[in-house]
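**Q** Pasting a structure here, questions to come.
The values are calculated or read from the model by the stated rules, or taken from the named source; none is laboratory data. This is a predicted model, so every value here is computed, not measured. Reconstructed Cβ throughout: ideal geometry from the backbone, glycine too, with neighbour counts over all protein chains shown. These area figures cover heavy atoms from the full protein model, side chains too; ligands, DNA and RNA do not enter into them. Shrake-Rupley method; radii C 1.70, N 1.55, O 1.52, S 1.80 Å.
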Amino acid sequence: MCNKILPYFVSGTVIRGFGRGSKALGIPTANLPEPVVNALSKDLDNGIYYGWASLRGEVHKMVASIGWNPYYKNEKKSMEVHILHKFQNDFYGEELKVIIAGYIRPERDFSSLEELIKEIKNDIAITEQQLEEPVANKLKNDDFLTTKINN
Ligand SMILES: Cc1cc2nc3c(=O)[nH]c(=O)nc-3n(C[C@H](O)[C@H](O)[C@H](O)COP(=O)(O)O)c2cc1C
């Protein structure tokens, strides 16, 4: 399927999402701006992906959801990145760089919030494992993530 265009590189300034991320789910997500989402390749299918995120000069594992969040019936396409690292404070307005390394599953609707959370926890476990595979693991050293942008 969409794996032919992976790894896929994206960057942007973190914006506020719909505000449900940390509160309702206990899984905070960093949202990318609308123009960045609209510029994603049409060959990148909606769904859940694992990869690497660079923020504040550090590289961490991440799991991302791209699409319409059927559970919440969003009217706008979004790209939400959950970074597998505990941060002390919010990073709105900061530069986030992401390498999407692999596909996990399509977005789904769920009959309860508990089921959605359970599935996301499973996505996180898959991410932890898959990023230890050599081909995906070495992407964390890619210049795209490690080079600082001078402005
Ligand atoms: C790893 C991951 C998987 C997700 N999977 C789904 C999904 O299958 N269906 C869905 O409706 N939303 C899914 N979501 C989106 C959550 O519903 C979303 O993060 C939540 O609505 C918070 O959004 P907000 O931060 O913009 O408020 C997923 C999010 C993440 C981080």
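**Q** Given the pairs K86/K121; K97/K140; K42/K140, which are separated by over 22 angstrom at their Cα positions?
**A** Too far apart for the 22 Å limit: K42/K140.
**Q** Picking from L40, L32, L96, which is most flexible by a Gaussian network model of the chain using Cα springs under 10 Å?
**A** L40
**Q** Something else: Which order do D45, D143 take by accessible area at a 1.4 Å probe, largest first?
**A** D143, D45
**Q** Moving to a separate point now. Determine how large the accessible area of V135 is when every protein chain is in place; take a 1.4 Å probe and give Å² rounded to the nearest 10.
**A** Accessible area, nearest 10 Å²: 110 Å².
**Q** Here's a follow-up. Under a 10 Å cutoff between Cα atoms, tell me which one of I83, I120, I48 has the largest fluctuation in the Gaussian network model of the chain.
**A** Among I83, I120, I48, the largest GNM mean-square fluctuation belongs to I120.
**Q** Please work out whether the chain counts as rounded, prolate or oblate from its C-alpha gyration tensor, where a ≥ b ≥ c are the square roots of the eigenvalues and a/c under 1.5 means rounded, while otherwise a/b larger than b/c means prolate and anything else oblate?
**A** rounded
**Q** Can you give the local net charge around E58? Use residues other than it whose beta-carbon is closer than 13 angstrom to its beta-carbon, Lys and Arg +1, Asp and Glu -1.
**A** Here the charged neighbours net out to +4.
**Q** Shifting gears a bit: Can you tell me which of 106-115, 70-79, 123-132 comes out highest on packing, and rank the rest after it, using the mean Cβ neighbours within 10 Å?
**A** Order by mean packing, descending: 123-132, 70-79, 106-115.
**Q** Any idea what the relative contact order of segment 1-119 is, in percent, if you count C-alpha pairs under 8 Å spaced at least 6 apart?
**A** Relative contact order comes out at 35 percent.
**Q** Over the chain, with the other protein chains present, what is the accessible area per residue in square angstrom, probe 1.4 angstrom?
**A** Spelled out: the 1.4 Å probe surface of the chain, per residue, equals 56 Å².
**Q** If you don't mind, another one. Under a 1.4 angstrom probe, counting protein chains only, how are H85, H60 ranked by accessible area, largest first?
**A** H85, H60
**Q** Under the Karplus relation 6.51 cos²θ - 1.76 cosθ + 1.60, θ = phi - 60°, what is the ordered set of whole-Hz ³J(HN,Hα) values for segment 61-78, x standing for Gly and Pro?
**A** Taking θ as phi minus 60°, the curve returns 5, 9, 10, 10, 10, 10, x, 10, 6, x, 4, 9, 6, 4, 9, 10, 5, 9 Hz for segment 61-78.
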